[in-house]
Every structure is written in C-alpha cells, then in structure tokens.
Amino acid sequence: DKLTRPWLPVSKPIFSVDIHPDGTKFATGGQGEDSGKVVIWNMAPVLREEDERNENIPKLLCQMDNHLACVNCVRWSNNGLYLASGGDDKLVMVWKRAAFIGPSAVFGSSSKLANVEQWRCVMILRNHTGDVMDVAWSPHDVWLASCSVDNTIVIWNARKFPEIVMTLKGHTGLVKGLTWDPVGKYIASQADDRSLKVWRTMDWQLETNITKPFSECGGTTHVLRLSWSPDGQYLVSAHAMNNSGPTAQIIERDGWKTNMDFVGHRKAVTVVKFNPKIFKKKQKNGSTPKPSCPYCCCAVGSKDRSLSVWLTSLKRPLVVIHDLFDKSIMDITWTLNGLGLLVCSMDGTVAFLDFSQDELGDPLNEEEKNAIHQNIYGKSLAITMESQLSSTIIENPEMLKYQQERQVNQNPNEAQGIGPESQTPKLTNVLNGESLEDIRKNLLNKQVETRTADGRRRITPLCIAQLDTGDFSPALFNSVPILPGSSASTQLTPQISSDSSTANSLGLRPSHDPTTTSPNKTAEENKDSATAAVNSIGMKSNLLLTSASKIEPMKALDSRFTERSKATPGVTSVPLTIGITPLDRVKDCSSVKEPKGKDETSSDSEDKIMVKSMAKRKGEMEGAEVVEKRKKGRPRKDAKMMPISQPFPQVTFLLSKDAWTSKSMDGVSTDGVTYLEVENEVSVVSGSRLSQLKWSREGREWDALLPSRIIIAAGSNDVVAVACEDRTLSVFTACGRRLIPSIILPAPMSALHCSRHFVMALTASATLSVWDVQKQTALVKNESLNPILSGTDATVSQSFLTQQGVAVVSLSNGKTYCFNSSLETWNLIADKQDSLVQCTDFRNCVSAQDALGSMGPLALTQGRNLSAGRLASRLSSTPHHLQQGMTLAFLEKQLSSALVLLSASEYRHWLLIYARFLVNEGYELRLRELCQDLLGPVHKSSSSSWEPTVLGLRKRDLLTEVLPVIGQNLRFQRLFTEYQDQLELLRLK
Amino acid sequence: MAKVQVLNVAVLDNPSPFRNPFQFEITFECMEDLPEDLEWKIIYVGSAESEEYDQVLDSVLVGPVPAGRHMFVFQADAPNTGLIPESDAVGVTVVLITCTYRGQEFIRIGYYVNNEYTDPELRENPPVKPDYTQLQRNILASNPRVTRFHINWEATMDKMEDSENVDPAPNAMLPPTSMPGKAPPLGLMPDNSMDCL
C-alpha cells in the first residue's frame, strides 16, 4: 500500500474528514482561526502526484467559516448533493453547492483568494443544547441524525428540514458517535455513559442497550465513531475494553451478541470505519476457482496515533501503521471504490492510504451486494429505498391509507429534491407576498424608525428572509439600486441575470414586460451615465495622480478605507463595559415604548379609559366631576361636543359590517357601509337640549331623538346602543325601534360594544355588564373589574365583545381577560409577557390550511404574539424537553381559552394543532384522554355526564378529524385502530 | 466568523445634487439573533489631508436583529458645508459606512465620491468660494472598498485576544509596487485583503 500525506497547510486540529460519494473531493472539519472551519478539498491532487504539482489544479475548493465554534463532524449525503456539518456551536448546518454563482461572491473582495466552488449553508438545524459531536445521513438520505453532548440524538427529516422526526433520549452521557444500519432498520449510538444503544427506525424506540464491553471504560475520548458493516451483519464500536485492554467491540446483528473484538491498540479506539465495499478473495491465476465467503474490511483508528485495517476473513490485522500522526486519530473515510482511505488527526494533518486489489480482494459490484442483502434480509437495499418503514406491518387498512396520503404529501417535496428548495416558497411569506422590488422601492418610507431615550435614531430592519427557511439567493452585491420610476427590469444587470434562476426563488422575477420599455430605457441611460461617471472619475484621478503633489491626499483617502475610526470627531465610541450592557438594553426598550405612549395620549386616547382611577374614587364621584374626567380621559369627538361653544358638532361613526366598534370617523361615504351619526343639541325644546341619533345603511335610514347628549354609540347588525350623559343607555333594533326603556347605569358609560344581539357596557366605576337584549336577560351583572385591576397600575386599554357575547378586556399591562359567565370568574386568556408563549414551538404542527381557522377573538387578543413560534428558534438554548413542556402547556391554555371564549372555530383549530403536537411528541396518555373525551361512552348510560357537543361542534366529528392525524404516526396504530373501530361501531348504530 | 455579513449596499439617489441626503440601502445577513443593536454610521471625509474634517453625517441603531436576512435604508443629511475646507469641496473624496457591534467596528465600506459642477462653464472656471447649490455628488457605487475586522461578538471579553482586534492588513491599500507618481488609476487599484478568507 501507499501512504501519502497531502499538503494541508493547517495546524489547527482536524476533527473530521469525509470523501464525497463521487470521489472528486473531500471535506474536512475542525478548528479555524476564531471559528469552526469546513474546507472542501480537491481529491485529484491527493490521488496523483502530477496533479499535485500542477499549479492549475486547485487544491482547495471552498472554505466555510460559518460555524461559530469547532466543527466536529462533516458528512456528505449519499447522493452527494449536500454536506452536513455539526459543531461546538450546537448547530448542524447543511450545505449545498450554489451552481449559479461564479467564483467568489464575497462583497467587495478581490477574486484572488476566491473559492473555486461555492458552497452555501442552506439550512441551520437548531435543537441541540450542547456541542454536536456526530452527524449521519440515513441510507437514501431520508433522515439526518445528529448527536450531541446534550445526551440526545435528533432525527431530522432530510426531505423537510428543519422538521424533527424524533428526539432519541436515553443516553445518560455525551453521545459521541452515530451509525445507520445499511438496511435502514436501525441506528446505533455510542456515548460516554459506557453504553452503545441500537434504536429501531420503525418506531424510534430502543432495540437494545449494550453495556458489558464498556463497563471497564475509563477516561474519555473526544469522539466515539462506531460503524456498521456494509452487509449489515456487524456493528463495531469505538472505545471498548476487554481484560483491561482497549478494543473495538464487534456486535453481531443476530441477537446483538458481543463475542468478538478487534484487539491490539494501546490506547482507546476513537474511530471505526467500514469499507463501503464487500470483498471476495482475489482469484489467483492458475489456482482453482473455489467459491469463497465474501468479507468486509474495516479501518480502526486510535488515540495511540496508529491505524489498523482488518478484514473480517482474517484473524489478524491486514496492516497496522504505528505513529502515523503526532496526535490522536479523529476520523477515517474510505473512497467509494474501497481502495483509498483518508485519515485525519488532531494534529491538523490528513493522511492518504492507497490499497491495491491484491491486498484487499475483489470488490463485489452493486448487484452482488444486493444479492447478499436479498439473501440475508429477504430484500435488497435497492428495493427498501422507497418504503421508509419497510419492516413495519401495517395492520389496519385505514392506517395504510393515511400512511400513503402522507407519502403523497411528501412527494411534491421529493420532486424538487431534498427539503431546502421546497422551503423556498416560505421566503415569500416573510415578504407578505410582496416582491422584493416593491419592498425596495418603498423601504425608506415603510421601515420603522423610532427614537431612543437619548434621542438616537433606531431603525427596525426589514426581515426579508428567515435564516431557517431555505436557500438564499446569491449575494446581491453591486446590484443596481431601483431607480425612481424604473421597473423590475433594472435588476437585469449582467451579474444578476446570470443567476436569475436563484433569484427567482426570492421572488425577484426579472420581468420582460414590453410595456415597461420606457423605464427600461431610463435605466439603461442611468447605467450609461453611471459608467460615464466612473470613467470620468478614473480619468480624473489619473490626471490628479500625475502631479506629485496630489498623491498624498489620494493615499490619505485610501487609508481611510481600512483604518478603523479611532477618534472620529462627533462620535464617542462606546467602550464595551459588560456591566453596563444590560442597563443599556433596558433603556433601549423603554425608549422604544415611550414614543408609542406619547402617541396614544396625544392623538387618540379613546381606548385609554381611566377606569381604574375612577374606581378608586367611586364614592366621591359626582356627575359634574365625572364629566370633567371624561373630557380629560377620553378626548373623543363626541366628548368634545360637550362644551356649548360648539353648537352643532356632528359626528359620524362608520360602522363596518361585522366589527361594529364605535371608532369615530368622519364622513366617508362608501356603499354598503353603515353609518351611525350623532348630532348633539339639535334643538332646544323648553330648556332641554335634544340630541339626534342617525342611522343609515345602504340607503335606508332612521333617526331617534334623545333628551340628553349622547356620549357613546355602538351598533351591530341587530342592535344599536347609545349611552347618554344622563347615565342612561338606550337600545334600538336595527330598524330604530326602541327595545328596552332606558337603562339607568350605576356610573357614566366608559365603553360600549354591541355584537349581534349582545350589548356590553363598561362603566366609569369599573364594572362590566353584558345583556342579551333579544332574550332580555343579563349575562354579566354589574361585575366589578377590581379582581383584575387590583394590585396593578394597569388601565383598561381595550375591550370588545365577541359574537357569542363574551366580554373581553385588555389591560395596559398586556394581560387580557374575559368574563366567564358560567363560572362567574375572570379568566386570563392572553398575556403578552407570558414566557410560555415566547418559548413554544409548534410550527411543525401547523398546516397551511390551518391559517384560516385561527381567526377569532382569541387570535384578536393575542395578535402578533402568536408568531411567537418564531421566537422559539431564537431560544436555541432552551432544552428540548423544557420547550416541549412549555409548548404543551401553551397549547392546552389555548384550547381552554378558546372554550371560554366560546369560539368554536378557534377551538377546532387549536384542537388539531394540539393533537398533532401530541402525536409528534409521543404523548400517548394525553392523546388517549383526548380521544376518550371526544368519543364519549359508546353505550348509553344515564349516569354519564358526557356532552356530545362542544361549542356546537359534535365531538365525534372532531374525533373523525383527529384520527387521521394519529394515523400518521405508526407508533399509535393500536390507538388509532381502537378509536377508529369504536367510531365505526357508533356510526352503524 | 462574523455574525453579520453585509450582502449588498445599493447607493440610492446617485448621482444627485450635493445637498441631497445620502441614501444607502443595506442588505445584511445575520447568523443568529443579536441581543444588542447594530450601530451604523455614515462618515463623510471632508478633506483627504486630515481626519479633522471628517463628519459623521448620522449614526443609527439597527435592531432588533433576529437571525435572517434584513435590509434597511440608511438616510443621512448631506455634510455641513461649513466644515469642509473650501479647497476640498470640488474633487474626489470618500464616504464611509461603518458598522459597530457592542462598540466594536467590524466592517467599513468606503466609496469614492466625486463632487463636480454640472455646468461646463463652472467646471472650466470654478468659483473661489464653492457654490454648493451647483455641485453634483457622484458616488462611485460600483467600486466599494470593504474592510472587515475581527471583533468579539460575545458579551464576555476575556476570550478575546487583543491581537485579533488589530486591522489584518493596515497597509493593504498601498500595493508594494506603487511608487509616487506612478500609482495605478483608482479603478484598478487592488482591493484590500480580506480577513474573511
């Protein structure tokens, strides 16, 4: 064999090496300058000396220093399209070659040190809470597994990144190595907890836990890279001990027996790697061809800096190379033909070993290999590739249906290759359907700019792509700015058009619309003038430079580009003081809020009801004083009318069809819109002033006269309510008929809402009443707001009435309550400060069609907070189990809130998300409880208090919707069958 | 590895009258959520002779910055002409965009700016006292000069070695071949070396 040490001008440790499946390149991962480093190298110079000497053949293809800390593992996907890397920064990154970018796309750089190939990080997988030690692609790249010092193994859906299929928990120590069974039935992991675990891919449960060979293991190794033989028959562990000697334990697939091991290394085995080929004995010329048993070949690397290569047909190692490196061996990779071997070491070097067929034997071709698999497993690998859960018997035909549906759903993704691309449409979501050009045109006007407390400008940048959502378009650098009046075609500068296909993915569709020719022309002209300007500058500087006296300034100018601003006048560079930083932060936050607060008080404070302060002064409050208060606290249009100096003020309430809030708005005439017009002091009749209420919708109008000035009016499709200064409340039908004699309120009206036939009144003495004017009953009787207001400085910031007549009150402290009239209690339904909301992550459980169902009062109160799922990914430091628990708690809260709000559509929406979450995370007990509640008793019994409906939804119909969700996880097929059968039984009844 | 990569700077409203505000549309990508704001500055170099005439046109905080790709337009008023030496008003100068995180500058983007009269008459016979209303500002947008600096992105200072804070290539702008009187034209001047590679 031949041993070469390729040129790797790296002195930092190399932790991982992997040869690309096509054999033309290999990747290394390790420590960079101040980051982790992934490097892709050209293989040719390693294989052939003449290529090594040829200056024109690049050795280094691409360097990526995106990892924030040391890279522990790099692995090519089996199809060679992707490279996965895992590092100390807790991240797994998935890389893809960006075919459309030419060499070097780094902003402003020269192309001298350009990367020959461009590999871009298309996906960052965040979940681990500790260093990622090993990553492994499953056969056929269905899954990507990663293991970490957080003791878990995460199985990612490689066709739908960043979806997590399962988190395997059970190790009690740092997990340092992973290997997939080539047949796809198992994945094995080895950890510092002195165990090797084999997990089933069918249900992701533990198949076996092997501890005996590791019980003697002391000390730690950086990695424990174990390996499965290509025929699937043997699993070989890293660091094991036998009679106090370090070994690599051989574990037989058949019964997980541990009777054999590779012995001889003086220190712990760090890495074992099977040759991808199965070999048979080389037929020697002349000798009688006698059929021999095929065998496998395995390389073992150790902390003792030596490497051994074994054939399963031999008792002794084929070759042992001592002191190959200065430091421990970290990783081994075979070429696909099985004759080459790259080994990397902590000392920062990589060695190449070249074997001949005489030494290893004749590699079997794929057909022969498949025949072996066929023999052993009854099927060949080529067949297993499509059915992911091949070995599971699907017992229930319905289950089969849902499994098939699931696969159909996955197919569109597969058609586009692996996940990342299929994610690209999400980018447009971030942009709310607007194209990037549109955004760029208006960015200056649209972007949010605030002032901090110390008067500094603060811009909130527009997020045009989330990092996790897929492939970005290549760098836009030097792209032409969008000129006023020009169209998208200005984007078509030569650099951009060359990668237009990637640009498309961002929604940057270069339009060749003939109607835009004139702007096009201006763009051309502009470009021309720009180049002209460039030329003139170039010429000018030429001229300038010829005169020696002018050189100095030019030099001086140039140095400005590179010198850091040390003492730029007018700027005080803020020294970094750790202690101060959090303080600054607080200041920032408050300063952002402050202008908002000002806004509210200055312009439109109609929602800011001083209910609380009034409540305190309840006793002493008398009419006149209240009016004073009202004027201050609620400078609404109608409140302004009170002074007599404005004799005939007129106010029009524009009432949109559904949401009948009394937002005042001046005479906008749109057809089909309802107006409620209030005119105070229309006429004075015998000393009392009359006020008029005018109502108009689609041409129909009516009016009503009231003896006192109107302070608030509100309406719905069914009723119109007005509150007057004399503390009366009048209710009319939509046709103007008075429904109830004036209701006398205990205190002046503060907020009034109507919804369908419900009327809600919030008075200045902080009490709430809700009436059903159709049935003429009180739903809420003068209930005090004290329980929610006491102990806080909060005021009521918003209130509304749902379609079902549930009163909802939001306070300025971010909490929202509703009054539960059956329990007669206030219930907290939303809290903007709630950390549960911020840390939940149920994005995986939300399907596209769900978006519609989420509209309703609950969504209204929680508002944007619910995009909180996004926040979750930011808190990558939150341990998974904690996040899981928080998500569970949050979802259950949502469900019960929807129930209290009597919001049926939202209840259904959250129920389905909840069910999906339970299924994904494997909460069997809760799932069973949920199903049981939805199903109810199968046989009628009088003692049962089970209600067949919830919020008007039939529970069994809901169960019918939940079952397909359950059917998607094979683990729950018993549960599925159980409820499916019972439901069927009930249907027949 | 810097957590923030500037992907693009588009110079808007260029060329434009001298008194128009500067507008840069900046696109950047952030590796992970930044707990602190970024601070961007536009610095106008009033005179090549001395840093004394540098003017910070404006500084702006940008945040919050979650992981992802973001863009914003940084607009800043034109320089105070009273602070520009009259002899330097017309001709080539530089405008710099810098970005700092936790008070440490990690990127500096420089553009050459050419200020000249549009009127040929004025161009031939420039007034002694510059007439800023007639001056046109032209930023050489196609040729940004980008310098990146290693900074400490984390809150803790102890791990940061001081040496890493030093400009990686302080003299990169002056190629060894450049001799007085024979400097290459601006457009062909080699770029400063990048620490990112």
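The values are calculated or read from the model by the stated rules, or taken from the named source; none is laboratory data. Predicted model only: the values in this text are computed from it and were never measured. Here the Cβ positions follow ideal geometry from the backbone for every residue, glycine too, while neighbour counts run over all protein chains shown. Ligands, DNA and RNA are excluded from the accessible area calculation, which covers all protein heavy atoms including side chains. Shrake-Rupley method; radii C 1.70, N 1.55, O 1.52, S 1.80 Å.
Computed values, structure above
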quantity	calculated
Inter-label distance, nm, simple model (7 Å from Cα along the C-beta direction), residue A:705/residue A:717	3.3
Surrounding net charge for residue A:959, when Lys and Arg each add one and Asp and Glu each subtract one, Cβ distance under 13 Å	-1
Solvent-accessible area lost in complex, 10 Å² minimum, residues of region B:134-153 relative to chain alone, 1.4 Å	B:138, B:140, B:142, B:144, B:145, B:146, B:147, B:148, B:149, B:150
Average beta-carbon neighbours from other chains, 10 Å sphere, peptide B:31-39	5
Radius 10 Å from Cβ of residue A:328, net charge of other residues (Lys, Arg +1; Asp, Glu -1)	+1
Label point 7 Å beyond Cα of residue A:326 along Cβ direction - residues of region A:334-377 with amide nitrogen under 13 Å	A:345-350
In order through region A:249-266: 3J(HN,Hα) via Karplus (6.51 cos²θ - 1.76 cosθ + 1.60), integer Hz, x for Gly, Pro	6, 9, 10, 7, 4, 6, x, 6, 6, 10, 9, 10, 7, 8, 10, x, 5, 8
Under 5 Å, built H, 5+ apart or other chain: amide partners of residue A:69	A:36, A:88, A:89
Entries in A:12/A:273; A:280/A:315; A:12/A:267; A:893/A:955 that, when Cα-Cα distance is taken, lie over 25 Å	none
Accessible area of residue A:143 in the full protein assembly, 1.4 Å probe (Å², nearest 10)	20
Packing-based order for A:219-229, A:362-372, using average beta carbon neighbours within 10 Å, highest first	A:219-229, A:362-372
Highest average packing first - A:760-769, A:897-906, A:782-791, Cβ atoms within 10 Å	A:760-769, A:897-906, A:782-791
Shielding score for A:259-267, defined as the mean number of other chain Cβ atoms within 10 Å	0
FRET efficiency for residue A:824 and residue A:947, using Cβ-Cβ distance with R0 set to 30 Å, rounded to 0.05	0.90
Listed residue (B:140, B:66, B:45) projecting farthest to the positive dipole end of region B:4-148, Cβ model	B:66
Average other protein chain Cβ within 10 Å of Cβ, residues B:58-64	6
For residue A:797, distant residues with modelled amide H under 5 Å away	A:810, A:811, A:812
Listed residue pairs exceeding 23 Å between alpha carbons, taken from A:446/A:815; A:212/A:277; A:257/A:327; A:37/A:59	A:446/A:815; A:212/A:277; A:257/A:327
FRET efficiency, residue A:928 to residue A:896 (Cβ-Cβ, R0 22 Å, nearest 0.05)	0.70
Charge context of residue A:816, other residues only, Cβ under 9 angstrom, K/R +1, D/E -1	+1
Largest to smallest accessible area among A:456, A:727 [probe 1.4 Å]	A:727, A:456
Solvent exposure, largest accessible area first (probe 1.4 Å, DNA, RNA and ligands not counted), of A:234, A:377	A:234, A:377
Sorted peptide list for A:947-960, A:801-814, criterion being average Cβ within 10 angstrom, highest first	A:801-814, A:947-960
